[in-house]
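Enquirer: Dropping a structure here in structure tokens format, bear with me for questions.
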2 protein chains.
Amino acid sequence: MANAGGSARGPYRSGIRRREQIVNAAARAFTAHGYDGASMRQIAADVGVSPAALLRHFQDKEDLLAAVLEWWARETAALGVGERAGLGGFDDLRALMRYHVEHRGLLELFIRLTGEASNEKHPARAFIQERYAKIVGMLVERLLGVARAGEIPPITQGQAESEIRALCATMDGLEIQWLLDPAMDLVGLFDQHLDHTLERWRRGGYVSSAG
Amino acid sequence: MANAGGSARGPYRSGIRRREQIVNAAARAFTAHGYDGASMRQIAADVGVSPAALLRHFQDKEDLLAAVLEWWARETAALGVGERAGLGGFDDLRALMRYHVEHRGLLELFIRLTGEASNEKHPARAFIQERYAKIVGMLVERLLGVARAGEIPPITQGQAESEIRALCATMDGLEIQWLLDPAMDLVGLFDQHLDHTLERWRRGGYVSSAG
């Protein structure tokens, strides 16, 4: 909480609460208007503080974006996806989809910032690149470990990377489709897809080994 | 070209050329800053016209967004994806991936606006929803036709929808990964995935029929 202090008007605890209110208001503003479109003045007004008071907590919009990304990473890390060993650990991805359906606003923020971060100059790009690389790397390791343990037939590093990239891609793409068409059964479609993928892995029918 | 005229200073042809310049500048601005972040004043300056002259071509930013979306739909429609009959028609999706790699800016615009359109109030939402529904519907019809023609085993409407939604999701997701990590082999990864999917369809191993 490197930026938690700074307000001389209240005790430390109320500074933390105010900081949380600002981060929440910023997340809503980034979701609704994007990073470039969000206004520090409007975020301050939403929380009921002056722009000058906002700047005592966060020196600029980029600092505020970093705090929103940190908060978002904490929220999703709490789900513990990928921590369970074995092929069964991939079942935790189903919980992630259910979480998205129950927290549509957080998913919207994620998809919006990911879309913005495809621009090389976007301030969230490094964070989202690293987060993506970390998740892909973690799931690739998990899949290689499952093969070493004999739960699935031998798999090469390249095959594991192709499988995990395609699985993550399907998750992101289905999430986008659901945001555009909330009548779609995101959880059911992903469950089907994961059932089929796990069954395919069990018999060693990896994508990059197909003819 | 409902908005093409309006300028009394030059002949009709130069009005069209100016209009095209404005649409191109707007596409660049929406790609770099998003819809909310893009400024009409900056777009006018990029083209070298006054804000008042810009407003003679496009009455507001939403009007300009509509023109950008229309231009983008025309560009991608020219690829003719999905027009070829039979299972081989799906091979045209490979050309779409190669097109993305060669036109990164257009893909960035598409992914950025799609991310923004997950917000229910975004002015591009209806366009992107309709475009998505149209592409999914067209590919589902194509897949059902391929089964009717006996190229693949019988498939239900629900199975076809699951297959096409997952295929489109994988495309979108891989595109996002490539925008974040240009070292990734987008064309190769999608080729592998499509090879495997077509082979799976040929033997009737549909996702929603898996155990």
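Enquirer: Collect the residues in region B:178-191 that are buried (at least 22 other Cβ atoms within 10 Å of the Cβ) and at the interface with chain A (Cβ under 7 Å from one of its Cβ atoms), keeping them in residue-number order. Full working, then the answer.
Expert: Of the residues in region B:178-191, the ones buried (at least 22 other Cβ atoms within 10 Å of the Cβ) are B:178-179, B:189-190.
Correct list: B:179, B:189.
Enquirer: Can you confirm whether region A:157-165 contains a residue that is more than 11 Å from chain B (Cβ to nearest Cβ) and in contact (Cβ under 8 Å) with a residue 60 or more places away in the chain? Show your work before the answer.
Expert: First, pick out the residues of region A:157-165 that are more than 11 Å from chain B (Cβ to nearest Cβ): A:157, A:160.
This time we only want the ones that are in contact (Cβ under 8 Å) with a residue 60 or more places away in the chain, so: none.
No, region A:157-165 contains no residue that is more than 11 Å from chain B (Cβ to nearest Cβ) and in contact (Cβ under 8 Å) with a residue 60 or more places away in the chain.
Enquirer: Only residues that are touching a residue at least 40 places away in the same chain (Cβ under 8 Å) and in a helix (DSSP H, G or I): list them for region A:37-60, please.
Expert: Hits for region A:37-60 are A:53, A:56, A:57.
Enquirer: Further, regarding this structure: Go through region B:65-95 and give me each residue that's within 20 Å of residue B:129 (Cβ to Cβ) and not β-branched (Val, Ile, Thr). Give the derivation first.
Expert: Our first condition is that a residue be within 20 Å of residue B:129 (Cβ to Cβ); within region B:65-95, this holds for B:65-77, B:81-82.
Answer for region B:65-95, where residues must be within 20 Å of residue B:129 (Cβ to Cβ) and not β-branched (Val, Ile, Thr): B:65, B:66, B:67, B:69, B:70, B:71, B:72, B:73, B:74, B:75, B:77, B:82.
Enquirer: Something else: From A:78, A:29, A:8, which residue is of a type outside the set (S, T, N, Q) and modelled with pLDDT of 90 or more?
Expert: On the way: A:78 fails: modelled with pLDDT of 90 or more; A:8 fails: modelled with pLDDT of 90 or more.
Of the residues listed, the single one that is of a type outside the set (S, T, N, Q) and modelled with pLDDT of 90 or more is A:29.
Enquirer: Run residue B:130 past the list (1) on the phi < 0 side of the Ramachandran plot; (2) surrounded by fewer than 13 Cβ atoms within 10 Å (Cβ to Cβ); (3) more than 14 Å from chain A (Cβ to nearest Cβ) and report the number of the one that doesn't hold.
Expert: (3)
Enquirer: What single numbered condition from (1) surrounded by fewer than 22 Cβ atoms within 10 Å (Cβ to Cβ); (2) in contact (Cβ under 8 Å) with a residue 12 or more places away in the chain; (3) within 13 Å of another protein chain (Cβ to nearest Cβ); (4) closer than 27 Å to residue A:201 by Cα fails to hold for residue A:104?
Expert: Every condition holds for residue A:104 apart from (4).
Enquirer: OK, next. Which residue, of B:131, B:142, B:94, is of a type in the set (Lys, Arg) and within 14 Å of the chain's Cα centre (by Cα)?
Expert: Numbers: B:142 fails: within 14 Å of the chain's Cα centre (by Cα); B:94 fails: within 14 Å of the chain's Cα centre (by Cα).
Checking each option against the conditions leaves just B:131.
Enquirer: For region B:111-127, what are the residues that are in contact (Cβ under 8 Å) with a residue 24 or more places away in the chain and closer than 13 Å to residue B:66 by Cα?
Expert: Step one: list which residues in region B:111-127 are in contact (Cβ under 8 Å) with a residue 24 or more places away in the chain, which gives B:111-114, B:116, B:122-124, B:127.
Matches in region B:111-127: B:113, B:122, B:123, B:124, B:127.
Enquirer: Would you pick out the residues in region A:37-79 that are touching a Gly at 6+ places or on another chain (Cβ under 7 Å) and crowded, with 21+ Cβ neighbours inside 10 Å?
Expert: Taking region A:37-79 first, the residues touching a Gly at 6+ places or on another chain (Cβ under 7 Å) are A:37, A:56-57.
Scanning region A:37-79 gives a single hit, A:57.
Enquirer: Filter region A:192-211 for residues that are among the hydrophobic types (A, V, I, L, M, F, W, C) and touching a residue at least 60 places away in the same chain (Cβ under 8 Å); which is surrounded by the fewest Cβ atoms within 10 Å (Cβ to Cβ)?
Expert: Just the residues of region A:192-211 that are among the hydrophobic types (A, V, I, L, M, F, W, C), to begin with: A:194, A:198, A:201, A:207, A:210.
Right, trim to touching a residue at least 60 places away in the same chain (Cβ under 8 Å) and you get A:194, A:198, A:201.
Working: A:194: 19, A:198: 15, A:201: 22.
This residue is A:198.
Enquirer: If you scan region B:93-144, which residues turn out to be of a type outside the set (Val, Ile, Thr), assigned to a helix (DSSP H, G or I) and touching a Leu at 6+ places or on another chain (Cβ under 7 Å)? Steps first, please.
Expert: Restricting attention to region B:93-144, the residues satisfying the condition of being of a type outside the set (Val, Ile, Thr) are B:93-100, B:102-110, B:112-113, B:115-127, B:129-134, B:137-139, B:141-144.
Still in the list and also assigned to a helix (DSSP H, G or I): B:93-100, B:102, B:104-110, B:112-113, B:115-116, B:125-127, B:129-134, B:137-139, B:141-144.
Matches in region B:93-144: B:93, B:94, B:95, B:96, B:97, B:99, B:100, B:107, B:108, B:127, B:129, B:132.
Enquirer: Which members of region A:155-211 meet the condition of being in a loop (DSSP other than H, G, I, E, B) and over 25 Å from residue B:114 (Cα atoms)? Spell out the reasoning first.
Expert: At the first step, the residues of region A:155-211 found to be in a loop (DSSP other than H, G, I, E, B) are A:155-156, A:181-185, A:203-206, A:210-211.
A:155, A:156, A:203, A:204, A:205, A:206, A:210, A:211 - these are the residues of region A:155-211 that are in a loop (DSSP other than H, G, I, E, B) and over 25 Å from residue B:114 (Cα atoms).
Enquirer: Residue B:35 - would you say it is among the aromatic types (Phe, Trp, Tyr) and more than 21 Å from residue B:171 (Cα to Cα)? Explain how you work it out, then say what you get.
Expert: On the way: among the aromatic types (Phe, Trp, Tyr): yes; more than 21 Å from residue B:171 (Cα to Cα): yes.
In short, yes.
The values are calculated or read from the model by the stated rules, or taken from the named source; none is laboratory data. From a predicted model like this one, the values you see are computed outputs, not experimental measurements. Cβ: placed from backbone, ideal geometry, glycine included. Neighbour counts: every protein chain shown.
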